[in-house]
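Accompanying notes for the structure given below.
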Amino acid sequence: MIAYIGDLGSGQQVYIENQEPQTAITLISSSPGQQQSQSSSFQTGTWTKPPALFRSATGFVLQIEGTEGSRFVRLQANGISSFSETPSLSNAEVIPLQQVEKSPQPPMQPMKPMEPMKPIGDMEMRMSPNMEMRMGNMEMRMGSVEEETAATKRFCTECGKVVGEVDRFCTHCGHRLTPS
């Protein structure tokens, strides 16, 4: 298999492979955490010379010479398309292509099934009246926090602000508190 790769800049590469009688072209876009690709193939026959990549005023152009003639392909961020006529490449910059052994994208491997969770000691769970869960030496409770805190909090009879259990005077208004 004959294949070439070229750098288009901005995290994009083109991968060209002759799969007689087809030429497969793949645009690869990479950014941190993700990689996307799009591919097209064209009937070219066996290559008679290596492909050539150009940067013109209108974008990138790939030239492929094969046993079925010359083909020009436009490479853009939104797709790969074939020219109907020979494009003007007189002022185009030649972009080097590097011959490679295999595809830059290895085939995706299927995910392995997850192993079932192993039990974590003895677990106990109750749902009413409030949710309560115990696992080993850990304990978690969820439910009406207002009911629990309202029963343990004290309030100033003058201004209504929360006061500590051992406070003798309200820290907000100074009112003398009655012992609880």
Fraction of the pair-distance distribution of the stretch 2-100 above 19 Å, Cα-Cα pairs, percent = 37 percent
May I have the extent of the alpha carbons of the chain along their three principal axes, as whole Å values ordered from largest to smallest?
-> 102, 45, 25
Would you mind calculating the gained length between Q34 and N137 on full extension (0.36 nm times residue separation, minus the Cα-Cα distance), in nm to one decimal?
-> 32.9 nm
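Throughout, read-outs are computed from the coordinates displayed, never taken from laboratory work. Computed from a predicted structure; not experimentally measured.
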